[in-house]
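Engineer: My questions will all concern the structure given below.
The values are calculated or read from the model by the stated rules, or taken from the named source; none is laboratory data. This one's a predicted model, so the numbers in the text were calculated from it and none came from an experiment. Here Cβ is always computed from backbone atoms with ideal geometry, including for glycine, and neighbour counts include all displayed protein chains.
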Amino acid sequence: MSEHKTILVTGAGKGIGRGLAEAMLKRGWQVCGCSRAESTLKHDRYRHYQTNVDDEDSVVSMFRRMAREGGELSALINCAGIARMNPALLTPASSATTIMNTNFNGTFVCCREAAKLMMRRKFGRIVNFGSIAVPLALAGEAVYGASKAAVEHLTRVLARELGGYGITVNCVSPNPIKTGLIDGVPEDMLERLVARQAIPRFGEIDDVINAVDFFLRPESSLVTGQTVYLGGPP
């Protein structure tokens, strides 16, 4: 990978996002990462932006800084997200707003701003993050699942809108991976969920990296508007 090609990983502070940022550094990318907190990741090809993706002004400011500080943005991985399990009847609207603002609005604004930079070069790779919770229609995840379903729909529409500019837009939807995102989910529920998969095992960060790598490849120029469910269909 050319040293001049830059990739942005949102949610790079921990978990899957941190793993993706580290993997992209190993592959030779110039990596920009963002998260709500400062990062402990130190590398001469890594720049970190303390940014809340649910704050449009903050995201726009980050992209402007990236453009000023150099490096042509070639790829975006929208990994930032939050999850909260709660029955729909016990979910306050404020909680629903928070989840949608982070998972959907944050993804949307990052896609929009990244596409503006990519369109200048007629090339780009955008990888969004959905969830196996969408096809499973899990009880207790009405809002979370809805936010990720919205991301999947956004992916398909953006694939059509941006395809003519050489930009592909795809989505990786992980099965349960033992990161902080699922800390509050009961173990027996996770086991039942995994048992419904075509390949009944927990995912690993390396599984996610493998799927993302496929979408990022220059040879994947005809692959767009797709959602990959890790573990297979439920």
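Engineer: Can you name every residue in segment 196-212 that is closer than 23 Å to Leu158 by Cα and touching a residue at least 40 places away in the same chain (Cβ under 8 Å)?
Structural biologist: Val208, Ile209, Val212
Engineer: Looking at this structure, is Gly15 modelled with pLDDT under 95 and surrounded by 17 or more Cβ atoms within 10 Å (Cβ to Cβ)?
Structural biologist: Yes; evaluated as a whole, the condition is true for this residue.
Engineer: If I ask for residues that are among the polar types (S, T, N, Q) and assigned to a loop (DSSP other than H, G, I, E, B), which ones from segment 1-38 would you list?
Structural biologist: Ser2
Engineer: Additional query: Go through Glu72, Glu56 for me and flag whichever is at pLDDT below 95, more than 15 Å from the chain's Cα centre (by Cα) and surrounded by fewer than 21 Cβ atoms within 10 Å (Cβ to Cβ).
Structural biologist: Glu72
Engineer: Quick one: Leu41 ticks every box in (1) part of a loop (DSSP other than H, G, I, E, B); (2) buried (at least 21 other Cβ atoms within 10 Å of the Cβ) bar one, so which box is it?
Structural biologist: Single failed check for Leu41: (2).
One line per residue, one yes/no per condition, for (1) of a type in the set (S, T, N, Q); (2) over 14 Å from the mean Cα position of the chain (by Cα); (3) surrounded by fewer than 18 Cβ atoms within 10 Å (Cβ to Cβ):
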| residue | (1), (2), (3) |
| --- | --- |
| Ala93 | no, yes, yes |
| Phe104 | no, no, no |
| Thr107 | yes, no, no |
| Cys111 | no, no, no |
| Leu138 | no, yes, no |
| Ser147 | yes, no, no |
| Ala150 | no, no, no |
| Tyr165 | no, yes, yes |
| Pro174 | no, no, no |
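Engineer: May I pose another question? Check whether at least one residue in segment 62-70 is assigned to a loop (DSSP other than H, G, I, E, B) and either touching a strand residue (DSSP E or B) at 6+ places or on another chain (Cβ under 8 Å) or of a type in the set (Ser, Thr, Tyr) (or both), and report yes or no.
Structural biologist: No, the conditions are met nowhere in segment 62-70.
Engineer: With (1) over 20 Å from Glu152 (Cβ atoms); (2) in contact with a strand residue (DSSP E or B) (Cβ under 7 Å, 6 or more places away or on another chain); (3) modelled with pLDDT of 95 or more as the list, and Ala93 as the residue in question, which single condition is left unmet?
Structural biologist: Of everything listed in (1) over 20 Å from Glu152 (Cβ atoms); (2) in contact with a strand residue (DSSP E or B) (Cβ under 7 Å, 6 or more places away or on another chain); (3) modelled with pLDDT of 95 or more, Ala93 misses just condition (2).
Engineer: Suppose we keep only residues that are in contact with an Asp or Glu (Cβ under 8 Å, 6 or more places away or on another chain) and part of a loop (DSSP other than H, G, I, E, B) within segment 115-154. Which one would you say is nearest to Tyr165 (Cα to Cα)?
Structural biologist: Out of the qualifying residues, it is Arg121.
Engineer: Please find, among Leu193, Leu154, Leu136, the residue that is within 26 Å of Ser94 (Cβ to Cβ) and touching a residue at least 60 places away in the same chain (Cβ under 8 Å).
Structural biologist: So the residue among Leu193, Leu154, Leu136 that is within 26 Å of Ser94 (Cβ to Cβ) and touching a residue at least 60 places away in the same chain (Cβ under 8 Å) is Leu136.
Engineer: Got a sec? Which of Val109, Val157 is assigned to a helix (DSSP H, G or I), among the β-branched types (Val, Ile, Thr), closer than 30 Å to Lys5 by Cα and in contact with an Asp or Glu (Cβ under 6 Å, 6 or more places away or on another chain)?
Structural biologist: From the options Val109, Val157, the qualifying one is Val109.
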